[in-house]
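Here, each number is a calculation from the coordinates, and none is a lab measurement. Keep in mind the model is a prediction, meaning the values are calculated, not measured. Cβ atoms come from the backbone with ideal geometry, glycine included; neighbour counts cover every protein chain shown.
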Amino acid sequence: METSDKVTEAITNHPARYACFAGFCLDVRKHELCNHGVRVKMQGKVCDVLMILLERPGEVVTREALRARLWPPDSRVNYDANVNTTVNKLRQVLGDSSDQSVFVETVPRKGYSFVAPVEFSDRAPTPNEACDSVLRIASSAGSASAHAEVAPHSPMSSIWFKAGVIALLVAAILFGAAVMLYTHR
């Protein structure tokens, strides 16, 4: 049996077709991830890692288990680098980071764990239900900071956006200083 077939068989044996978390919904049969109803592009191995982690949310999935499920034993690849790269790509797709994990947490020297609350369902949620799910999860956590953790990342909260705004402000100040120096000669 081919490796991706093993992944598909394991997850499709799960009783529910959809796994939803924080506005995302994964159709495990179609290997499609949507964020608030909008399809998210994701590579095959990245989707496989997500499906494997969602089989046992909250539990540690070892790096060895990921390697065994994703690559055949006779393949000539650098497993450690490939597992790291694939998990990092998954974090990028989800808007997550290894420093402040909202979805995929690294368990040092062991593996990875999917830490966000997950709801499994046999019917696809509507985009509004996905948004309601985010609010329900946040309110059950009982704080405004919990809502910030599970809400999807907006471009305005991106570190690159903030860095760009700061760079523009510094450039404007420098330009103003240069104009003042030039006019007072």
task: Figure the gain on full extension for residue 88 and residue 120 (residue separation times 0.36 nm, minus the Cα-Cα span) and round it to one decimal in nm.
output: 9.1 nm
- line: Relative contact order in percent for region 28-96 (Cα pairs under 8 Å, 6+ apart) equals 36
query: Which whole-Hz ³J(HN,Hα) couplings does region 52-63 yield from phi under the Karplus relation 6.51 cos²θ - 1.76 cosθ + 1.60, θ = phi - 60°, glycine and proline marked x?
result: 5, 5, 6, 5, 9, x, x, 9, 7, 9, 5, 4
message: Using a 7 Å offset from the Cα along the Cα-to-Cβ direction at both residue 67 and residue 81, what is the distance between the two label points in nm, to one decimal?
response: 1.5
- prompt: Out of residues 5 or more away from residue 32 or on other chains, whose amide H comes under 5 Å of its own, with H placed 1.01 Å from N in the peptide plane?
  reply: 27
query: Out of residues 5 or more away from residue 22 or on other chains, whose amide H comes under 5 Å of its own, with H placed 1.01 Å from N in the peptide plane?
result: none
